Amino acid sequence: MDWNRPALMLVVLFSLIGCSSSEEELNLESQKQDYFERATDYYNMGRYTQAYQQARRGLEIEPENGGLNLIAGRSLLLHRDITEVSHALLYLEIAQKELQNHKADQAMAEWHFRYGSMLLQVSETEKRKYTDYPMDDPEFQAKKMAEAEERGVKAMNHFLSADELLDSVLLRSNDNLNALEMSGQVNALLGNDVEALKPLVASLRLLEESRAYNNRLLATEERLSIEQEDFIRRVLKSDMQREVAVHSLIAGIHKRAGAYMAEEHEYTTILGLSPDSIWALHSRALCRYERGRLSEAAADMRDFVAATEMDFDSDQVRQALNIISEYDALQSKAD
C-alpha cells in the first residue's frame, strides 16, 4: 500500500485552496484600489455624491481603510447639508485614527468648523425668529430660546476643537493655505481678532506670491500651450477670488474694532482685485463717511447706485441716496 499517496493528495488540496484564497484576496485588493482611484477622481472633479458612493463600496471590502474613510468623510462634508455633515464624523474619526497625519487632522478640523458654523447659523436664525415673533406661551418661548442658546454654545466648542487641530496642522505644515484661511475664520468666529489676523495675513502672502508667479509665467513663458495658458488663468482667477474673500474677512475684523481707516484700505484692495465688487464700493463709502470724507463717500455711493440692481427702497440704496443728498446739500450751501 502506498502511504505517501493520501499525503500527497492533501498537500495538493491545501495548495489549491491556498492559491484560490490568494487569488480572491488579490481580486478584492484590486477592486478596493479601483474604488479608491475612482472616488479620488470624482472628488477632484467636485462630484462628491459619486465620490462618496465609490468610497463606500471600497469600505465594504475594508471598513477601516484610512484613505477611503477620508474620501467618504470629506465628500459628505462638502455636501453642505447639516445631516450629511454630521454623518461625515464617523468616517473622519476612523481616517484620523488609521492615517495619523496632518491631512486627516485638517479634515477633522474642517468638520468641526463646518458643523459648528451650521449650528451657529441655526442658533442665530432661531433667536431672531423667537425675538421677532414671540410665542403666546412664555415658558415655551423661554425653552426655545434656551435651546437656541445651547446650539450657539455647542458651535463655539466646535470652533475651539477646530482651532486646536489647526494649530497642530500648521506646526507641521506652516504654508498650508487652506489651514491658514480656516484658522483665520475660526478665530474670527471665536472673537480672537488678533489671532485671526496672523494666519489671514500669512495666507494673503501665499496667494500674492502665487498670483505674481502665474502672471510672470503668462508674460514671459513662450512655450506654454493654449491649454496651459487657460489653466494658469483659471488658477489666477481662483487665487484672486480667495484673496477677495480673505480681505473681506479682514475688513470685517477691522469693522468690529471700529478701525475705519484699515477697513477702508481692505475695500480699496478688493476693488483693485475685483472692480465689479459693488458691495465693497458701498462698504468703502460707509467707511469714508465715518471718517468725515463726505465727498469721496458720495462719489462711491454714486458709482454704487449706478451699478446696483437692488430696489430703490432697499436699505443699502437708501443709505447711498442719503449720503449723496447730504453732500449735494452741502455743495448747494457752499455755492
Show the residue pairs that are 6+ apart or on different chains and have beta-carbon atoms under 7 Å apart, the first residue being within the stretch 269-285 and at negative phi, the second being assigned to a loop (DSSP other than H, G, I, E, B). I270/S277; L271/S277; I278/T308
Exactly one of S277, S283, S314 is small (G, A, S) and surrounded by fewer than 16 Cβ atoms within 10 Å (Cβ to Cβ), and that residue is S314
For the stretch 268-287, what are the residues that are charged (D, E, K, R) and touching a Leu at 6+ places or on another chain (Cβ under 8 Å)? R284
Verdict on E290 being in contact (Cβ under 8 Å) with a residue 24 or more places away in the chain and touching a helix residue (DSSP H, G or I) at 6+ places or on another chain (Cβ under 7 Å): yes
Loosely packed, with under 14 Cβ neighbours inside 10 Å, part of a helix (DSSP H, G or I), out of contact with any helix residue (DSSP H, G or I) (no Cβ under 9 Å at 6 or more places or on another chain) and not hydrophobic (A, V, I, L, M, F, W, C): which single residue out of R216, R223 fits that description? R216
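Residues are listed down the side, and each one gets a yes or a no for (1) of a type in the set (D, E); (2) more than 19 Å from L273 (Cβ to Cβ); (3) touching a Ser or Thr at 6+ places or on another chain (Cβ under 8 Å):
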position: D193; (1), (2), (3): yes, yes, no
position: R205; (1), (2), (3): no, no, no
position: E209; (1), (2), (3): yes, no, no
position: Y213; (1), (2), (3): no, no, no
position: R216; (1), (2), (3): no, no, no
position: E221; (1), (2), (3): yes, yes, no
position: E227; (1), (2), (3): yes, yes, no
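Every residue, every condition in (1) at pLDDT below 95; (2) not in a helix (DSSP H, G or I), yes or no:
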position: E84; (1), (2): yes, no
position: L90; (1), (2): no, no
position: A95; (1), (2): no, no
position: D105; (1), (2): no, no
position: E126; (1), (2): yes, no
position: M135; (1), (2): yes, yes
position: K144; (1), (2): yes, no
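One line per residue, one yes/no per condition, for (1) assigned to a helix (DSSP H, G or I); (2) of a type outside the set (D, E, K, R):
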| site | (1), (2) |
| --- | --- |
| I250 | yes, yes |
| T269 | yes, yes |
| G272 | yes, yes |
| L281 | yes, yes |
| G292 | no, yes |
| S295 | yes, yes |
| D300 | yes, no |
| D303 | yes, no |
| V317 | yes, yes |
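The values are calculated or read from the model by the stated rules, or taken from the named source; none is laboratory data. Everything numeric here is computed off the predicted structure, so don't read it as measured data. Ideal geometry is used to build each Cβ from the backbone, glycine not excepted, and the neighbour counts take in all protein chains shown.
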